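Engineer: Here you go, one structure.
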Amino acid sequence: MGIAVTCVFLGSRALNGAGAVTAKTPGATAGQLGSGEPPPCPAVAEAFHADIDGDGCDDDVSYTDGVLTAGSLRLRVGAPGDRVALGRWTCGRATAALLRPSTGEVFRFDGWATRDNGVSAVAIARVDGAVGLRAVPRAGGRCDDLAVDRPSGPPVLVPERPVAG
């Protein structure tokens, strides 16, 4: 029996009076935003971060009991007990990968859920005894590999392509 894993939008975005998403830099004026230069991004304090909302700036990210939080965004990703890693698995924008330690299943998400669209995960591996998951930068720094940690022995590097079946 297969298990479906999806990323579902739970939170909300702050909207201004015109219905547009508020800028990340509240002090920026309309002239600054239209100057052709992107607004400066706020500093991220956490080691776990990614541009989840697509505004070009990384957000601090936390993951607790199956819910990934970045600012006001909340996404249901997996279930309590699962582990999450963020990385550039397809050499594009950073997305999530999920490990379900109880089964050793590893899933990759190729995007982020929005208010209107959930994102299904792609099953990419099963690693017996898996306890952790992390991104490992590839040479050149543009892409990441996914390393699955076990209690003993070297980590298992997971392939980029989905596992058949």
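Nothing in this text is a laboratory measurement; each read-out follows from the coordinates by a stated rule. Predicted model, so just to flag it, every value in this text is computed and none were measured. Please note: Cβ atoms are built from the backbone with ideal geometry, for glycine as well, and neighbour counts cover all protein chains shown.
Engineer: ARG142 versus THR90, label points 7 Å from Cα toward the beta carbon: distance in nm?
Structural biologist: 1.6
Engineer: Starting from 0.36 nm per residue, how many nanometres of slack lie between ALA79 and ALA47 once their C-alpha separation is accounted for?
Structural biologist: Numbers: separation 32, 0.36 × 32 = 11.52 nm, distance 2.19 nm.
So the chain would gain 9.3 nm between ALA79 and ALA47.
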